[in-house]
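What follows is a set of notes on a single structure, which appears directly below.
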Amino acid sequence: MHKDIATPVRTQEILKKYGFSFKKSLGQNFLIDPNILRNIVGHADLTKDSAAIEVGPGIGALTEHLARQAGKVVSFEIDQRLLPVLEDTLSPYDNVEIIHSDVLKANVKEVIDTQLAGYEDIMVVANLPYYVTTPILMKLLLEGLPLRGMVVMMQKEVADRISAKPGTKAYGSLSIAVQYYMQAEIAMIVPKTVFMPQPNVDSAVLRLIRHDTPPVQVKDEDFFFTVTKAAFAQRRKTLLNNLQSQLPNGKARKEEILVALEEAGIEPTRRGETLSIEEFGKLSDHLLPIFHS
Ligand code: SAM
């Protein structure tokens, strides 16, 4: 087994050798603790029949742990300065493909079809750049990729919001957007001290596993997400108020909205944060004929 990249000493050595300076604007906080890396990868349940997709390899700290456990790793890195570093640090591993690209602009589906052909078990595993956590997650969820799930480090506050249950302060349209596709749980809380440089915020590893069967079957997904966003537009307002003010021509459609709420078995005075995904599903199906007629 090769010496871990993610020790404070080795990381310093690599940074010095390449004269690398961190770019805050790219969310560059590298992991320097091999135990944390083993734990993260452990939560992904990889075997040599699995493939891993990583976003942002940095100097390869997590990438090498993935390469040891998975059959193949593809990793998207935006920062060109890291390419020669990765070439060097990951040279012991022949099952890693680094793709120099902004993951938000990349055609991930095509990369899976070409680079990961034959792999039926694909996990996203990443220590995400925090400035784009939500766009990256939503892109990977919405593109219909054949993923079993994701194990992703992010700022704790976002992990709390994504995994939140109804009736809690953190529960909102982001919780529903993600939990519609995948079961979400916080796998571990990670202290600032395991990063170089240390971030300003607390971190957590979120584990997302695709539902065997979706929690709701809705008639129109886009409208379902429109309704959930509308319901949380102003958290203090009742559901009825938010739907009226957010949905097109909602004020004039009060009576119809009230009928839809009744048909869905939901009290109009409830707040959006008390509704389960199933209730949002029912509600959006009953509202659909009113707004898409
Ligand atoms: N995986 C490494 C680790 O754990 O030490 C580095 C993680 S660091 C939090 C985030 C990495 O994502 C950096 O290497 C950064 O350059 C890269 N990055 C930032 N924005 C990106 C983007 N839009 N697409 C691909 N990589 C990105």
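The values are calculated or read from the model by the stated rules, or taken from the named source; none is laboratory data. Predicted, not measured: the structure shown is a model, and the values here were computed from it. Note that each Cβ is placed from the backbone with ideal geometry, even for glycine, and that neighbours are counted across all protein chains shown. Heavy atoms of the whole protein, side chains included, go into the accessibility calculation; ligands, DNA and RNA do not. Shrake-Rupley method; radii C 1.70, N 1.55, O 1.52, S 1.80 Å.
Touching a residue at least 24 places away in the same chain (Cβ under 8 Å) and either basic (K, R) or not assigned by TED's automatic domain parsing to the domain that holds Q28 (or both): is that true of K165 in this structure?
Judged against the criteria, K165 is not a match.
Exactly one condition in (1) surrounded by fewer than 20 Cβ atoms within 10 Å (Cβ to Cβ); (2) touching a residue at least 12 places away in the same chain (Cβ under 8 Å); (3) closer than 23 Å to R161 by Cβ is false for P248; which is it?
Among (1) surrounded by fewer than 20 Cβ atoms within 10 Å (Cβ to Cβ); (2) touching a residue at least 12 places away in the same chain (Cβ under 8 Å); (3) closer than 23 Å to R161 by Cβ, the lone unmet condition for P248 is (3).
Among the numbered criteria (1) touching a residue at least 40 places away in the same chain (Cβ under 8 Å); (2) within 13 Å of the ligand (Cβ to nearest atom), which single criterion is violated by K139?
Condition (1) is where K139 drops out.
Is it the case, given these coordinates, that N95 is on the phi < 0 side of the Ramachandran plot and touching a residue at least 60 places away in the same chain (Cβ under 8 Å)?
no
Hey, can you tell me all the residues within region 160-172 that are open to solvent by less than 40 Å² (accessible area, probe 1.4 Å) and within 18 Å of L239 (Cβ to Cβ)?
Once the filter is applied, which keeps residues that are open to solvent by less than 40 Å² (accessible area, probe 1.4 Å) and within 18 Å of L239 (Cβ to Cβ), region 160-172 yields A164, Y171, G172.
Which of the following residues is over 17 Å from G172 (Cα atoms), surrounded by 14 or more Cβ atoms within 10 Å (Cβ to Cβ) and touching a helix residue (DSSP H, G or I) at 6+ places or on another chain (Cβ under 7 Å): L287, L240?
Of the residues listed, the single one that is over 17 Å from G172 (Cα atoms), surrounded by 14 or more Cβ atoms within 10 Å (Cβ to Cβ) and touching a helix residue (DSSP H, G or I) at 6+ places or on another chain (Cβ under 7 Å) is L287.
Among the residues of region 52-80, how many are away from the ligand (no atom under 12 Å from the Cβ), hydrophobic (A, V, I, L, M, F, W, C) and in contact with a Ser or Thr (Cβ under 7 Å, 6 or more places away or on another chain)?
Adding up the residues that qualify gives 1.
Given the residues L90, L141, L145, which is the only one that is over 18 Å from the mean Cα position of the chain (by Cα), surrounded by 13 or more Cβ atoms within 10 Å (Cβ to Cβ) and of a type in the set (A, V, I, L, M, F, W, C)?
The match here is L90.
Taking region 1-36 as the region of interest, how many residues are of a type outside the set (A, V, I, L, M, F, W, C), within 11 Å of the ligand (Cβ to nearest atom) and more than 18 Å from Y93 (Cβ to Cβ)?
Selection size over region 1-36: 7.
Identify the single condition in (1) at positive phi; (2) assigned to a helix (DSSP H, G or I); (3) of a type in the set (G, A, S) that S175 does not satisfy, given that it satisfies every other one.
Failed condition: (1).
Name the residues in region 93-117 that are touching a helix residue (DSSP H, G or I) at 6+ places or on another chain (Cβ under 8 Å) and in a loop (DSSP other than H, G, I, E, B), would you?
Answer for region 93-117, where residues must be touching a helix residue (DSSP H, G or I) at 6+ places or on another chain (Cβ under 8 Å) and in a loop (DSSP other than H, G, I, E, B): Y93, N95, V103, L104.
List every residue pair whose Cβ atoms lie under 6 Å apart, where the two residues are 6 or more positions apart in sequence or sit on different chains, the first residue falls within region 57-73 and is within 15 Å of V111 (Cβ to Cβ), and the second residue, located anywhere, is within 13 Å of the ligand (Cβ to nearest atom) and of a type in the set (D, E, K, R).
P57/E77
Given the condition outside the structural domain of N39 (by TED's automatic domain parsing) and touching a Pro at 6+ places or on another chain (Cβ under 7 Å), answer yes or no: does some residue in region 217-227 qualify?
no
Any chance you could count how many residues in region 246-293 are touching a Leu at 6+ places or on another chain (Cβ under 8 Å) and within 17 Å of K219 (Cα to Cα)?
Selection size over region 246-293: 7.
Looking only at region 44-51, decide whether some residue is among the acidic types (D, E), more than 18 Å from the chain's Cα centre (by Cα) and within 12 Å of the ligand (Cβ to nearest atom).
Looking for residues that are among the acidic types (D, E), more than 18 Å from the chain's Cα centre (by Cα) and within 12 Å of the ligand (Cβ to nearest atom), one finds none in region 44-51, hence no.
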